[in-house]
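Note sheet for the following structure.
The values are calculated or read from the model by the stated rules, or taken from the named source; none is laboratory data. From a predicted model like this one, the values you see are computed outputs, not experimental measurements. With ideal geometry, Cβ positions are generated from the backbone for all residues, glycine too; neighbour counts draw on all protein chains shown.
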Amino acid sequence: MQPFYLRQALRFSCTQCGQCCATAGDYYVYLTDEESERIRTHLQLSRNWFRRRYLQRIEDGEQVLASGPDERCIFLNADGKCRVYAVRPVQCRTYPFWPELVGTAAAWNREARRCEGISQGRVVARSTIRRSLQDCRKQQE
Ligand code: SF4
Ligand code: SF4
């Protein structure tokens, strides 16, 4: 069967509520060395300080962003804005158009409980969704 996003037009409009950056310990923000280097350069920090303060290695050795207070992303400001928005990781930039979220109606609707922008606003072009999916896949290679 075709993935859900090819069977039905998906609507999405981000309200900038910041909820997807409050991981609540449910998931990690993965990032490649290139992405972490881009963020470090943006913040103009030394490698050691950046690694100690903002990165974490999880059990399987993957690199993720550290958690801030209340299990929110360490880069989420009190006003709900991302401190590194211009250089945020692919995982953030492509949300909610991830393969595991747009593949089935059940996954898409379940995610709408976390993200109030899902199924709201304008229809998102399939080409945009495809690009996000490609970026996600490249990241996982
Ligand atoms: S890096 Fe920015 S966009 Fe990504 S989870 Fe953290 S605060 Fe949110
Ligand atoms: S949870 Fe959804 S609506 Fe809120 S900031 Fe994240 S993407 Fe935007």
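When residues of segment 26-46 are filtered for being free of Cβ contacts under 8 Å to residues at least 60 places away in the same chain and either part of a strand (DSSP E or B) or within 25 Å of residue 141 (Cβ to Cβ) (or both), how many remain?
Here is the first cut: in segment 26-46, the ones free of Cβ contacts under 8 Å to residues at least 60 places away in the same chain are 26-28, 33-46.
If we keep only those that are either part of a strand (DSSP E or B) or within 25 Å of residue 141 (Cβ to Cβ) (or both) as well, we get 26-28, 33-42.
So the answer is 13.
Does any residue of segment 68-76 turn out to be without any contact (Cβ under 8 Å) to a residue 12 or more places away in the chain, assigned to a helix (DSSP H, G or I) and more than 13 Å from the chain's Cα centre (by Cα)?
Yes, that holds for at least one residue.
Of a type in the set (Lys, Arg), within 10 Å of ligand 1 (Cβ to nearest atom) and out of contact with any Ser or Thr (no Cβ under 9 Å at 6 or more places or on another chain), is that true of residue 88?
Answer is yes for this residue.
If I ask for residues that are more than 9 Å from ligand 1 (Cβ to nearest atom) and either touching a Ser or Thr at 6+ places or on another chain (Cβ under 8 Å) or among the hydrophobic types (A, V, I, L, M, F, W, C) (or both), which ones from segment 12-39 would you list?
Answer for segment 12-39, where residues must be more than 9 Å from ligand 1 (Cβ to nearest atom) and either touching a Ser or Thr at 6+ places or on another chain (Cβ under 8 Å) or among the hydrophobic types (A, V, I, L, M, F, W, C) (or both): 12, 14, 17, 24, 25.
Being among the small types (Gly, Ala, Ser), away from ligand 1 (no atom under 14 Å from the Cβ) and loosely packed, with under 12 Cβ neighbours inside 10 Å: is that true of residue 103 here?
Working: among the small types (Gly, Ala, Ser): yes; away from ligand 1 (no atom under 14 Å from the Cβ): yes; loosely packed, with under 12 Cβ neighbours inside 10 Å: no.
It is false that residue 103 is among the small types (Gly, Ala, Ser), away from ligand 1 (no atom under 14 Å from the Cβ) and loosely packed, with under 12 Cβ neighbours inside 10 Å.
For segment 59-70, give me the residue count where each residue is more than 11 Å from ligand 1 (Cβ to nearest atom) and closer than 29 Å to residue 4 by Cβ.
Final tally of qualifying residues: 2.
For residue 80, all conditions in the list (1) within 13 Å of ligand 1 (Cβ to nearest atom); (2) assigned to a loop (DSSP other than H, G, I, E, B); (3) at pLDDT 95 or above hold save one; what is the number of the exception?
That leaves (3) as the condition not met.
Out of everything in segment 20-44 that is crowded, with 16+ Cβ neighbours inside 10 Å and modelled with pLDDT under 95, what residue ends up being farthest from residue 71 (Cα to Cα)?
31
Could you run through segment 114-134 and say how many residues are assigned to a loop (DSSP other than H, G, I, E, B), away from ligand 1 (no atom under 16 Å from the Cβ) and crowded, with 18+ Cβ neighbours inside 10 Å? Step through it out loud before you land on a result.
From segment 114-134, those assigned to a loop (DSSP other than H, G, I, E, B) are 114-117, 124-125; that's our starting set.
Those left that are additionally away from ligand 1 (no atom under 16 Å from the Cβ): 124-125.
Imposing the further condition that a residue be crowded, with 18+ Cβ neighbours inside 10 Å reduces the set to 124.
Here the count works out to 1.
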